[in-house]
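Structure first, then comments.
The values are calculated or read from the model by the stated rules, or taken from the named source; none is laboratory data. Bear in mind the structure is a predicted one, so any value in this text is a computation, not a measurement. When we count neighbours, we look across all protein chains shown, and the Cβ atoms used for this are built from the backbone with ideal geometry, even at glycine. Remember, those area values only see protein heavy atoms, side chains included, never the ligands or the DNA or RNA. Shrake-Rupley method; radii C 1.70, N 1.55, O 1.52, S 1.80 Å.
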Amino acid sequence: MSVILAIESSCDETSVAICDNGKITANVIANQTIHQNYGGVIPELASRVHQQNIVPVIQQALIDAKVNKKDLTAVAFTRGPGLLGSLLVGVSFAKSFALGLDLPLIAVNHMHAHILAHFIEEPKPAFPFLCLTVSGGHTQIVLVKDYFDMEVVGTTLDDAAGEAFDKTAKILDLPYPGGPLIDRHAKLGNPLAFKFPEPQIKELNYSFSGLKTAILYFIRAQEKLNPDFIKENLDDICASVQHSIVGILLNKLKKAAQQYQIKEIAIAGGVSANTGLRTALTQYAEKLNWNVYIPAFEYCTDNAAMIAIAGHYKYINKEFVGQDVAPASRMEF
Ligand code: KG4
Ligand code: ZN
(Lines give C-alpha, C1' and ligand atoms only; values in the text may rest on other atoms or scores of the structure.)
(Ligands and ions follow the chains in the order given, each with its own letter.)
Protein backbone atom coordinates (compact mmCIF):
# COMPACT_ATOMS: atom_id res chain seq x y z
CA MET A 1 0.00 0.00 0.00
CA SER A 2 1.35 3.44 -0.85
CA VAL A 3 0.02 7.00 -0.82
CA ILE A 4 2.66 9.18 -2.46
CA LEU A 5 2.68 12.97 -2.58
CA ALA A 6 4.76 14.20 -5.54
CA ILE A 7 6.16 17.66 -6.27
CA GLU A 8 7.18 19.00 -9.71
CA SER A 9 8.96 22.37 -9.91
CA SER A 10 11.59 21.98 -12.65
CA CYS A 11 10.49 24.90 -14.84
CA ASP A 12 7.51 27.23 -14.64
CA GLU A 13 4.74 24.98 -13.35
CA THR A 14 4.30 24.34 -9.64
CA SER A 15 2.50 21.02 -9.49
CA VAL A 16 1.59 18.55 -6.76
CA ALA A 17 -0.06 15.17 -7.26
CA ILE A 18 -1.11 12.27 -5.09
CA CYS A 19 -0.85 8.66 -6.18
CA ASP A 20 -2.83 6.10 -4.18
CA ASN A 21 -1.51 2.63 -5.01
CA GLY A 22 -0.79 3.50 -8.65
CA LYS A 23 -3.97 5.58 -9.11
CA ILE A 24 -3.71 9.38 -9.45
CA THR A 25 -6.21 10.98 -7.05
CA ALA A 26 -5.03 14.61 -7.35
CA ASN A 27 -2.99 16.58 -9.87
CA VAL A 28 -2.90 20.33 -9.16
CA ILE A 29 -0.95 22.57 -11.55
CA ALA A 30 -0.27 26.27 -10.93
CA ASN A 31 0.95 27.93 -14.15
CA GLN A 32 3.11 31.03 -14.05
CA THR A 33 1.87 33.75 -16.36
CA ILE A 34 4.53 36.31 -15.39
CA HIS A 35 6.97 35.01 -18.07
CA GLN A 36 4.64 35.96 -20.92
CA ASN A 37 5.88 39.54 -20.55
CA TYR A 38 9.45 38.48 -21.30
CA GLY A 39 9.23 36.00 -24.21
CA GLY A 40 10.73 33.15 -22.17
CA VAL A 41 11.06 31.78 -18.64
CA ILE A 42 13.05 34.07 -16.30
CA PRO A 43 14.65 31.61 -13.83
CA GLU A 44 14.76 33.94 -10.81
CA LEU A 45 11.11 34.93 -11.23
CA ALA A 46 10.15 31.26 -11.65
CA SER A 47 11.72 30.24 -8.34
CA ARG A 48 10.06 33.12 -6.50
CA VAL A 49 6.63 32.15 -7.86
CA HIS A 50 7.28 28.50 -6.92
CA GLN A 51 7.87 29.68 -3.35
CA GLN A 52 4.54 31.51 -3.33
CA ASN A 53 2.66 28.58 -4.89
CA ILE A 54 4.05 25.52 -3.20
CA VAL A 55 2.06 25.58 0.07
CA PRO A 56 -1.38 26.33 -1.44
CA VAL A 57 -0.82 23.79 -4.23
CA ILE A 58 0.07 21.07 -1.67
CA GLN A 59 -3.00 21.97 0.39
CA GLN A 60 -5.25 21.80 -2.68
CA ALA A 61 -3.84 18.40 -3.71
CA LEU A 62 -4.53 16.97 -0.23
CA ILE A 63 -8.09 18.35 -0.39
CA ASP A 64 -8.69 16.98 -3.93
CA ALA A 65 -7.43 13.51 -2.97
CA LYS A 66 -9.30 13.64 0.37
CA VAL A 67 -6.08 12.62 2.08
CA ASN A 68 -4.67 13.66 5.44
CA LYS A 69 -0.91 14.35 5.62
CA LYS A 70 -0.68 11.54 8.18
CA ASP A 71 -1.95 9.01 5.58
CA LEU A 72 1.00 9.63 3.25
CA THR A 73 3.63 6.89 2.90
CA ALA A 74 6.31 8.73 0.84
CA VAL A 75 7.24 12.07 -0.75
CA ALA A 76 8.48 12.07 -4.36
CA PHE A 77 10.02 15.08 -6.10
CA THR A 78 11.67 16.11 -9.36
CA ARG A 79 15.42 16.15 -8.73
CA GLY A 80 16.29 17.33 -12.28
CA PRO A 81 16.93 18.18 -15.04
CA GLY A 82 15.59 21.73 -14.93
CA LEU A 83 16.19 25.24 -13.63
CA LEU A 84 18.30 25.02 -10.49
CA GLY A 85 16.47 27.68 -8.47
CA SER A 86 13.07 26.22 -9.37
CA LEU A 87 14.20 22.69 -8.51
CA LEU A 88 15.65 23.94 -5.23
CA VAL A 89 12.20 25.10 -4.06
CA GLY A 90 10.58 21.70 -4.73
CA VAL A 91 13.52 19.64 -3.43
CA SER A 92 13.87 21.69 -0.22
CA PHE A 93 10.14 21.56 0.42
CA ALA A 94 10.01 17.79 -0.22
CA LYS A 95 12.93 17.22 2.16
CA SER A 96 11.49 19.25 5.02
CA PHE A 97 7.99 17.84 4.48
CA ALA A 98 9.38 14.27 4.59
CA LEU A 99 11.52 15.08 7.63
CA GLY A 100 8.57 16.60 9.50
CA LEU A 101 6.31 13.62 8.77
CA ASP A 102 9.07 10.99 9.03
CA LEU A 103 8.48 9.74 5.47
CA PRO A 104 10.89 8.24 2.93
CA LEU A 105 11.99 10.45 0.03
CA ILE A 106 11.94 9.45 -3.64
CA ALA A 107 14.03 11.37 -6.22
CA VAL A 108 12.64 11.33 -9.78
CA ASN A 109 14.30 12.19 -13.10
CA HIS A 110 11.91 14.56 -14.93
CA MET A 111 12.62 12.94 -18.32
CA HIS A 112 11.93 9.42 -16.98
CA ALA A 113 8.69 10.79 -15.56
CA HIS A 114 7.53 12.21 -18.92
CA ILE A 115 7.88 8.68 -20.33
CA LEU A 116 6.32 6.96 -17.29
CA ALA A 117 3.26 9.21 -17.72
CA HIS A 118 2.16 6.42 -20.08
CA PHE A 119 1.57 4.23 -17.02
CA ILE A 120 -1.02 6.57 -15.46
CA GLU A 121 -3.90 5.35 -17.61
CA GLU A 122 -4.76 2.46 -19.94
CA PRO A 123 -3.66 1.51 -22.54
CA LYS A 124 -0.09 1.12 -21.27
CA PRO A 125 2.75 0.32 -23.69
CA ALA A 126 4.50 -3.06 -23.48
CA PHE A 127 8.28 -3.23 -22.99
CA PRO A 128 10.38 -2.69 -24.99
CA PHE A 129 8.92 0.41 -26.60
CA LEU A 130 10.31 3.52 -28.31
CA CYS A 131 9.36 6.90 -26.90
CA LEU A 132 9.82 10.20 -28.71
CA THR A 133 10.29 12.61 -25.81
CA VAL A 134 9.77 16.17 -27.02
CA SER A 135 9.74 19.07 -24.59
CA GLY A 136 11.00 22.63 -24.24
CA GLY A 137 14.48 21.41 -23.32
CA HIS A 138 14.77 17.92 -24.83
CA THR A 139 14.22 16.00 -28.04
CA GLN A 140 15.08 12.35 -27.61
CA ILE A 141 14.24 8.97 -29.02
CA VAL A 142 14.37 6.64 -26.02
CA LEU A 143 14.48 2.85 -26.07
CA VAL A 144 12.47 1.93 -22.96
CA LYS A 145 13.33 -1.59 -21.81
CA ASP A 146 11.76 -1.37 -18.34
CA TYR A 147 10.42 1.31 -15.96
CA PHE A 148 13.89 2.62 -15.15
CA ASP A 149 15.97 0.88 -17.81
CA MET A 150 16.02 3.41 -20.63
CA GLU A 151 18.55 4.26 -23.32
CA VAL A 152 18.66 7.46 -25.38
CA VAL A 153 19.26 6.30 -28.97
CA GLY A 154 18.79 9.68 -30.65
CA THR A 155 18.94 13.26 -29.44
CA THR A 156 19.06 16.84 -30.70
CA LEU A 157 22.46 18.33 -31.44
CA ASP A 158 21.22 21.87 -30.76
CA ASP A 159 17.68 23.22 -30.15
CA ALA A 160 14.84 21.07 -28.80
CA ALA A 161 11.60 20.67 -30.77
CA GLY A 162 9.76 22.83 -28.20
CA GLU A 163 12.39 25.53 -28.65
CA ALA A 164 11.87 25.39 -32.42
CA PHE A 165 8.17 26.09 -31.82
CA ASP A 166 8.83 28.79 -29.21
CA LYS A 167 11.57 30.56 -31.20
CA THR A 168 9.44 30.55 -34.36
CA ALA A 169 6.59 32.04 -32.33
CA LYS A 170 8.95 34.79 -31.17
CA ILE A 171 9.88 35.56 -34.80
CA LEU A 172 6.13 35.80 -35.50
CA ASP A 173 5.62 38.11 -32.50
CA LEU A 174 3.50 35.56 -30.62
CA PRO A 175 3.86 35.47 -26.81
CA TYR A 176 5.67 32.71 -24.83
CA PRO A 177 5.12 29.76 -24.81
CA GLY A 178 4.49 29.84 -28.55
CA GLY A 179 4.01 26.10 -29.18
CA PRO A 180 0.29 25.97 -28.30
CA LEU A 181 -0.35 29.20 -30.28
CA ILE A 182 1.37 27.88 -33.41
CA ASP A 183 -0.74 24.74 -32.99
CA ARG A 184 -3.93 26.83 -32.83
CA HIS A 185 -3.11 28.92 -35.92
CA ALA A 186 -1.87 25.83 -37.80
CA LYS A 187 -5.35 24.31 -37.62
CA LEU A 188 -6.61 27.13 -39.88
CA GLY A 189 -3.71 27.17 -42.35
CA ASN A 190 -2.28 25.24 -45.31
CA PRO A 191 0.67 23.05 -44.22
CA LEU A 192 2.06 23.02 -47.77
CA ALA A 193 1.91 26.81 -48.29
CA PHE A 194 5.63 27.30 -47.56
CA LYS A 195 8.43 24.76 -47.63
CA PHE A 196 11.42 24.72 -45.26
CA PRO A 197 14.53 22.56 -45.68
CA GLU A 198 14.81 19.30 -43.73
CA PRO A 199 18.19 19.01 -41.94
CA GLN A 200 20.38 16.11 -43.02
CA ILE A 201 21.62 14.78 -39.68
CA LYS A 202 23.32 11.42 -39.20
CA GLU A 203 21.84 8.41 -37.41
CA LEU A 204 18.86 9.02 -35.14
CA ASN A 205 19.84 12.54 -34.12
CA TYR A 206 18.02 15.81 -34.67
CA SER A 207 18.89 19.44 -35.32
CA PHE A 208 16.47 22.36 -35.25
CA SER A 209 18.68 25.45 -35.25
CA GLY A 210 18.99 25.48 -39.07
CA LEU A 211 15.23 25.37 -39.45
CA LYS A 212 14.84 28.32 -37.09
CA THR A 213 17.38 30.34 -39.11
CA ALA A 214 15.70 29.37 -42.40
CA ILE A 215 12.35 30.57 -41.04
CA LEU A 216 13.89 33.84 -39.81
CA TYR A 217 15.52 34.62 -43.18
CA PHE A 218 12.38 33.64 -45.08
CA ILE A 219 10.20 35.95 -42.97
CA ARG A 220 12.68 38.85 -43.24
CA ALA A 221 12.84 38.49 -47.04
CA GLN A 222 9.05 38.35 -47.32
CA GLU A 223 8.60 41.36 -45.03
CA LYS A 224 10.84 43.43 -47.34
CA LEU A 225 8.32 42.77 -50.13
CA ASN A 226 5.23 43.06 -47.93
CA PRO A 227 5.50 44.55 -44.40
CA ASP A 228 2.18 42.85 -43.50
CA PHE A 229 3.38 39.40 -44.60
CA ILE A 230 3.12 37.82 -41.12
CA LYS A 231 -0.29 39.29 -40.40
CA GLU A 232 -1.71 38.23 -43.77
CA ASN A 233 -0.22 34.72 -43.72
CA LEU A 234 -0.02 33.78 -40.03
CA ASP A 235 -2.13 30.62 -40.27
CA ASP A 236 -0.27 29.31 -43.35
CA ILE A 237 3.14 30.09 -41.81
CA CYS A 238 2.21 28.28 -38.58
CA ALA A 239 0.77 25.29 -40.45
CA SER A 240 3.89 25.05 -42.66
CA VAL A 241 6.34 25.34 -39.74
CA GLN A 242 4.43 22.76 -37.74
CA HIS A 243 4.32 20.44 -40.76
CA SER A 244 8.14 20.72 -41.09
CA ILE A 245 8.85 20.07 -37.40
CA VAL A 246 6.44 17.12 -37.24
CA GLY A 247 7.95 15.65 -40.44
CA ILE A 248 11.49 15.89 -39.03
CA LEU A 249 10.41 14.29 -35.75
CA LEU A 250 8.52 11.41 -37.32
CA ASN A 251 11.05 10.58 -40.05
CA LYS A 252 13.68 9.77 -37.44
CA LEU A 253 11.17 7.93 -35.27
CA LYS A 254 10.29 5.78 -38.29
CA LYS A 255 13.98 5.07 -38.83
CA ALA A 256 14.39 4.08 -35.15
CA ALA A 257 11.36 1.76 -35.33
CA GLN A 258 12.90 0.02 -38.36
CA GLN A 259 16.34 -0.17 -36.79
CA TYR A 260 15.10 -1.69 -33.51
CA GLN A 261 12.26 -3.66 -35.08
CA ILE A 262 9.80 -2.21 -32.56
CA LYS A 263 6.15 -1.43 -33.23
CA GLU A 264 5.24 -0.17 -29.73
CA ILE A 265 5.65 3.60 -30.21
CA ALA A 266 4.95 6.37 -27.68
CA ILE A 267 5.32 10.14 -27.52
CA ALA A 268 5.82 12.22 -24.38
CA GLY A 269 6.65 15.75 -23.21
CA GLY A 270 5.06 19.14 -23.84
CA VAL A 271 5.26 19.00 -27.65
CA SER A 272 3.31 15.71 -27.63
CA ALA A 273 0.29 17.97 -26.93
CA ASN A 274 0.68 19.22 -30.52
CA THR A 275 -2.36 18.27 -32.61
CA GLY A 276 -0.34 18.03 -35.83
CA LEU A 277 2.07 15.55 -34.22
CA ARG A 278 -0.76 13.52 -32.67
CA THR A 279 -2.66 13.28 -35.97
CA ALA A 280 0.43 12.47 -38.05
CA LEU A 281 1.50 9.79 -35.57
CA THR A 282 -1.91 8.13 -35.77
CA GLN A 283 -1.64 8.12 -39.59
CA TYR A 284 1.87 6.59 -39.43
CA ALA A 285 0.52 3.97 -37.03
CA GLU A 286 -2.10 2.83 -39.55
CA LYS A 287 0.39 2.73 -42.42
CA LEU A 288 3.21 1.03 -40.52
CA ASN A 289 1.14 -1.18 -38.23
CA TRP A 290 2.40 0.53 -35.07
CA ASN A 291 0.64 0.48 -31.71
CA VAL A 292 0.86 4.14 -30.70
CA TYR A 293 0.54 5.60 -27.22
CA ILE A 294 -0.32 9.30 -26.91
CA PRO A 295 -0.75 10.70 -23.39
CA ALA A 296 -3.88 12.63 -22.35
CA PHE A 297 -3.28 16.39 -22.80
CA GLU A 298 -2.92 17.04 -19.05
CA TYR A 299 -0.05 14.53 -18.81
CA CYS A 300 1.94 15.91 -21.80
CA THR A 301 3.12 19.24 -20.39
CA ASP A 302 4.81 19.43 -16.99
CA ASN A 303 2.71 17.94 -14.20
CA ALA A 304 3.28 16.15 -10.90
CA ALA A 305 1.09 13.14 -11.79
CA MET A 306 3.98 11.81 -13.88
CA ILE A 307 6.36 12.33 -10.93
CA ALA A 308 3.88 10.52 -8.68
CA ILE A 309 3.59 7.49 -10.97
CA ALA A 310 7.40 7.31 -11.28
CA GLY A 311 7.50 7.57 -7.47
CA HIS A 312 5.02 4.69 -7.24
CA TYR A 313 7.33 2.34 -9.18
CA LYS A 314 10.37 3.50 -7.18
CA TYR A 315 8.43 2.92 -3.96
CA ILE A 316 7.79 -0.68 -5.03
CA ASN A 317 11.58 -1.06 -5.60
CA LYS A 318 12.27 0.69 -2.25
CA GLU A 319 14.48 3.20 -4.08
CA PHE A 320 14.70 5.96 -1.49
CA VAL A 321 17.19 8.82 -1.04
CA GLY A 322 18.53 10.52 2.08
CA GLN A 323 18.23 14.10 3.33
CA ASP A 324 21.60 14.87 1.69
CA VAL A 325 20.03 14.74 -1.81
CA ALA A 326 20.53 17.92 -3.89
CA PRO A 327 18.78 19.15 -7.05
CA ALA A 328 20.58 18.51 -10.36
CA SER A 329 20.05 20.96 -13.22
CA ARG A 330 21.54 18.36 -15.58
CA MET A 331 20.85 14.68 -15.11
CA GLU A 332 21.89 11.69 -17.16
CA PHE A 333 19.40 8.95 -17.96
O1 KG4 B 1 7.42 19.25 -21.16
P2 KG4 B 1 7.17 20.71 -21.08
O3 KG4 B 1 5.87 21.18 -20.47
O4 KG4 B 1 8.30 21.44 -20.28
C5 KG4 B 1 9.65 21.07 -20.38
O6 KG4 B 1 10.02 20.11 -19.66
O7 KG4 B 1 10.33 21.69 -21.22
O8 KG4 B 1 7.31 21.29 -22.56
C9 KG4 B 1 7.14 22.64 -22.83
C10 KG4 B 1 7.25 22.85 -24.35
C11 KG4 B 1 7.25 24.31 -24.76
O12 KG4 B 1 8.29 24.50 -25.69
C13 KG4 B 1 5.88 24.48 -25.42
O14 KG4 B 1 5.85 25.47 -26.44
C15 KG4 B 1 5.66 23.10 -26.01
O16 KG4 B 1 6.14 22.22 -25.01
N17 KG4 B 1 4.25 22.84 -26.28
C18 KG4 B 1 3.76 22.70 -27.53
C19 KG4 B 1 2.36 22.50 -27.40
N20 KG4 B 1 2.06 22.52 -26.05
C21 KG4 B 1 3.23 22.73 -25.40
N22 KG4 B 1 4.36 22.73 -28.73
C23 KG4 B 1 3.61 22.56 -29.82
N24 KG4 B 1 2.27 22.38 -29.77
C25 KG4 B 1 1.61 22.34 -28.60
N26 KG4 B 1 0.28 22.15 -28.56
ZN1 ZN C 1 8.94 18.57 -19.03
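Tabulated data
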item	result
Residue within the range 135-152 that is over 16 Å from the mean Cα position of the chain (by Cα), modelled with pLDDT of 95 or more and within 16 Å of ligand 2 (Cβ to nearest atom) present	yes
Some residue of the range 257-265 being closer than 17 Å to TYR147 by Cα and within 16 Å of ligand 2 (Cβ to nearest atom)	no
Looking only at the range 133-165, and only at residues there that are open to solvent by 20 Å² or more (accessible area, probe 1.4 Å) and charged (D, E, K, R), the one that is nearest to THR275 (Cα to Cα)	GLU163
The range 264-278 residues that are open to solvent by 10 Å² or more (accessible area, probe 1.4 Å), paired with ones that are within 13 Å of ligand 2 (Cβ to nearest atom) and of a type in the set (A, V, I, L, M, F, W, C) (beta carbon under 7 Å, 6 or more apart)	GLY270/CYS300; VAL271/VAL134; VAL271/ALA161; ALA273/CYS300
Residue within the range 34-45 that is touching a helix residue (DSSP H, G or I) at 6+ places or on another chain (Cβ under 9 Å), open to solvent by less than 40 Å² (accessible area, probe 1.4 Å) and hydroxyl-bearing (Ser, Thr, Tyr) present	no
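One line per residue, one yes/no per condition, for (1) open to solvent by less than 50 Å² (accessible area, probe 1.4 Å); (2) within 16 Å of ligand 1 (Cβ to nearest atom); (3) on the phi < 0 side of the Ramachandran plot; (4) not small (Gly, Ala, Ser):
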{"residue": "PRO81", "(1), (2), (3), (4)": "yes, yes, yes, yes"}
{"residue": "SER86", "(1), (2), (3), (4)": "yes, yes, yes, no"}
{"residue": "ALA107", "(1), (2), (3), (4)": "yes, no, yes, no"}
{"residue": "MET111", "(1), (2), (3), (4)": "yes, yes, yes, yes"}
{"residue": "HIS114", "(1), (2), (3), (4)": "yes, yes, yes, yes"}
{"residue": "PHE119", "(1), (2), (3), (4)": "yes, no, yes, yes"}
{"residue": "GLU122", "(1), (2), (3), (4)": "no, no, yes, yes"}
{"residue": "PRO125", "(1), (2), (3), (4)": "yes, no, yes, yes"}
{"residue": "CYS131", "(1), (2), (3), (4)": "yes, yes, yes, yes"}
